[in-house]
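First comes the structure, then the notes that go with it.
The values are calculated or read from the model by the stated rules, or taken from the named source; none is laboratory data. It should be emphasised that the depicted structure is a prediction, and the values quoted were computed from it without experimental measurement. Cβ placement follows ideal geometry from the backbone for every residue including glycine, while neighbour counts extend to all protein chains displayed.
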Amino acid sequence: MNTAPNHSGDPSSPAQDRRSLRADCGNCFALCCTAFGFARSADFAVDKPAATPCQNLAADFSCTIHDRLRPRGFRGCTVFDCFGAGQHVSQQLFAGRSWREHPETREEMFAAFAVSRQLHEALWHLTEAERRSLDPDLVEQAGQLRLAIGQAVDGELSSLLVLDVAALHARVREVLMEVSAEVRAYHSASGDGRLESSLRPGAQLMGVNLRARLLCGAELRGAYLIAADLRGSDLAGADLLGADLRDARLDGADLSRALYLTQPQVNAAIGDRETLLPPDLAVPPHWEPR
């Protein structure tokens, strides 16, 4: 893999590095619509217990209201992403045998999906960490972790189901935070020092006006940016790992070099065709042009 540094201004995380981490619903047994449960809320119109099919699931594992999910009250479905875990579990770990045709696979298949989804998300972030770090030691650590997780995902089902995911997450988090410090330091010189005290991990920034600001290198890991106004802002090198971007306004914002941004975060936000995203993230269908 090419580990050349990427601080020069080029967009982060080239798409070719993450092709296997994209959801392919046509090769999945609708695991996100069955394995996980959800409670009735603003994101889901009904209650659904875990390990039960959604009421909108068709016999061929497609969604009967896929083109009307948001107006029908299932916004949460349009935000979710499995990072490619669904098709991997369906086609690789279970060799294309569906839980409907083989009910005895249900429990293990759903459990494997829950674990694999977490590991695939870790792979998504490690790929970026490996790409963006200038430190050879960090590049090597990220690569080794990515290899170890890849082997776990591709290994025996029995081993996957007993994997110590918490311990693995701790190792991943350590590497991600070190790379974050490096990337943020590079970009912070062009940031806005006036907001330094409020821009911190886990910050409560719901509805805050951050419009047209230089947020370069901001440490927004795990921050609550629900309905925050980020229109026209520059988030180059900003750490957005786990940040809550539900209904955040991203119109015209530049997130092309933001760090650890994911498709679910983008899907949960509000932007437009002028919002700049990393090349491996897609503009959500519900974003309307200005």
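Answer with yes or no whether Arg173 is touching a helix residue (DSSP H, G or I) at 6+ places or on another chain (Cβ under 8 Å), assigned by TED's automatic domain parsing to the domain that holds Thr105 and not small (Gly, Ala, Ser).
It is false that Arg173 is touching a helix residue (DSSP H, G or I) at 6+ places or on another chain (Cβ under 8 Å), assigned by TED's automatic domain parsing to the domain that holds Thr105 and not small (Gly, Ala, Ser).
Of the conditions (1) surrounded by fewer than 23 Cβ atoms within 10 Å (Cβ to Cβ); (2) in a loop (DSSP other than H, G, I, E, B), Arg184 satisfies every one except a single condition; which number is it?
Evaluating Arg184 over (1) surrounded by fewer than 23 Cβ atoms within 10 Å (Cβ to Cβ); (2) in a loop (DSSP other than H, G, I, E, B) leaves (2) as the failure.
Of the conditions (1) assigned to a loop (DSSP other than H, G, I, E, B); (2) closer than 30 Å to Ala258 by Cβ; (3) without any contact (Cβ under 8 Å) to a residue 12 or more places away in the chain, Asp67 satisfies every one except a single condition; which number is it?
In the conditions (1) assigned to a loop (DSSP other than H, G, I, E, B); (2) closer than 30 Å to Ala258 by Cβ; (3) without any contact (Cβ under 8 Å) to a residue 12 or more places away in the chain, Asp67 misses (1) alone.
When the residues of region 136-154 are filtered to those that are more than 30 Å from Cys33 (Cβ to Cβ) and in contact with a helix residue (DSSP H, G or I) (Cβ under 6 Å, 6 or more places away or on another chain), which remaining residue is surrounded by the fewest Cβ atoms within 10 Å (Cβ to Cβ)?
Among those that are more than 30 Å from Cys33 (Cβ to Cβ) and in contact with a helix residue (DSSP H, G or I) (Cβ under 6 Å, 6 or more places away or on another chain), it is Gly143.
Restricting the search to region 240-258, which residues are charged (D, E, K, R), more than 24 Å from Cys82 (Cα to Cα) and part of a loop (DSSP other than H, G, I, E, B)?
Asp251
Give the residues of region 259-275 that are closer than 22 Å to Gly84 by Cα and in a loop (DSSP other than H, G, I, E, B), sorted by residue number.
Tyr260, Leu261, Thr262, Ala269
Please find, within region 22-44, the residue that is farthest from Val115 (Cα to Cα) out of those that are at pLDDT below 95 and among the aliphatic types (A, V, I, L, M).
Only one residue fits best here, namely Ala42.
Closer than 22 Å to Ala238 by Cβ and surrounded by 15 or more Cβ atoms within 10 Å (Cβ to Cβ), is that true of Leu176?
Numbers: closer than 22 Å to Ala238 by Cβ: yes; surrounded by 15 or more Cβ atoms within 10 Å (Cβ to Cβ): yes.
Yes, satisfied.
Any chance region 111-127 includes a residue that's free of Cβ contacts under 8 Å to residues at least 24 places away in the same chain and part of a helix (DSSP H, G or I)?
Initial filter on region 111-127 (free of Cβ contacts under 8 Å to residues at least 24 places away in the same chain): none.
Looking through region 111-127, none of the residues is free of Cβ contacts under 8 Å to residues at least 24 places away in the same chain and part of a helix (DSSP H, G or I).
If a residue has to be touching an Asp or Glu at 6+ places or on another chain (Cβ under 6 Å) and touching a residue at least 40 places away in the same chain (Cβ under 8 Å) to count, how many in region 24-40 make the cut?
0
With surrounded by fewer than 24 Cβ atoms within 10 Å (Cβ to Cβ) and over 20 Å from Asp81 (Cβ atoms) as the only criterion, which of Gly232, Gly237, Gly222 stands out?
Values: Gly237 fails: surrounded by fewer than 24 Cβ atoms within 10 Å (Cβ to Cβ); Gly222 fails: over 20 Å from Asp81 (Cβ atoms).
Result: Gly232 is the single residue among Gly232, Gly237, Gly222 that is surrounded by fewer than 24 Cβ atoms within 10 Å (Cβ to Cβ) and over 20 Å from Asp81 (Cβ atoms).
Going through region 70-97 one residue at a time, which ones are in contact (Cβ under 8 Å) with a residue 24 or more places away in the chain and either on the phi > 0 side of the Ramachandran plot or of a type in the set (Gly, Ala, Ser) (or both)?
Gly73, Gly76, Phe83, Gly84, Ala85, Gly86, Ser90
For residues in region 155-169 being among the aliphatic types (A, V, I, L, M) and assigned to a helix (DSSP H, G or I), which is surrounded by the most Cβ atoms within 10 Å (Cβ to Cβ)? Don't jump to the end; show me each part of the working.
Within region 155-169, the first condition is being among the aliphatic types (A, V, I, L, M), and the residues that meet it are 157, 160-163, 165-168.
If we keep only those that are assigned to a helix (DSSP H, G or I) as well, we get 157, 160-161, 165-168.
Numbers: Leu157: 15, Leu160: 20, Leu161: 13, Val165: 16, Ala166: 8, Ala167: 9, Leu168: 17.
Step by step, filter region 155-169, then rank; the result is Leu160.
Within region 270-283, is even one residue of a type in the set (Gly, Ala, Ser) and in contact with a Phe, Trp or Tyr (Cβ under 9 Å, 6 or more places away or on another chain)?
Yes: region 270-283 contains one or more residues that are of a type in the set (Gly, Ala, Ser) and in contact with a Phe, Trp or Tyr (Cβ under 9 Å, 6 or more places away or on another chain).
For Asp47, are the conditions met, namely being over 22 Å from Ala111 (Cα atoms) and not hydrophobic (A, V, I, L, M, F, W, C)?
No.
Is there a residue being over 18 Å from Val79 (Cβ atoms) and either in contact with a His (Cβ under 9 Å, 6 or more places away or on another chain) or without any contact (Cβ under 8 Å) to a residue 24 or more places away in the chain (or both) anywhere in region 246-253?
yes
I'd like to check something: does region 280-290 contain any residue that is at pLDDT below 95, over 14 Å from the mean Cα position of the chain (by Cα) and more than 20 Å from Thr78 (Cβ to Cβ)?
Yes, there is a match, as at least one residue in region 280-290 is at pLDDT below 95, over 14 Å from the mean Cα position of the chain (by Cα) and more than 20 Å from Thr78 (Cβ to Cβ).
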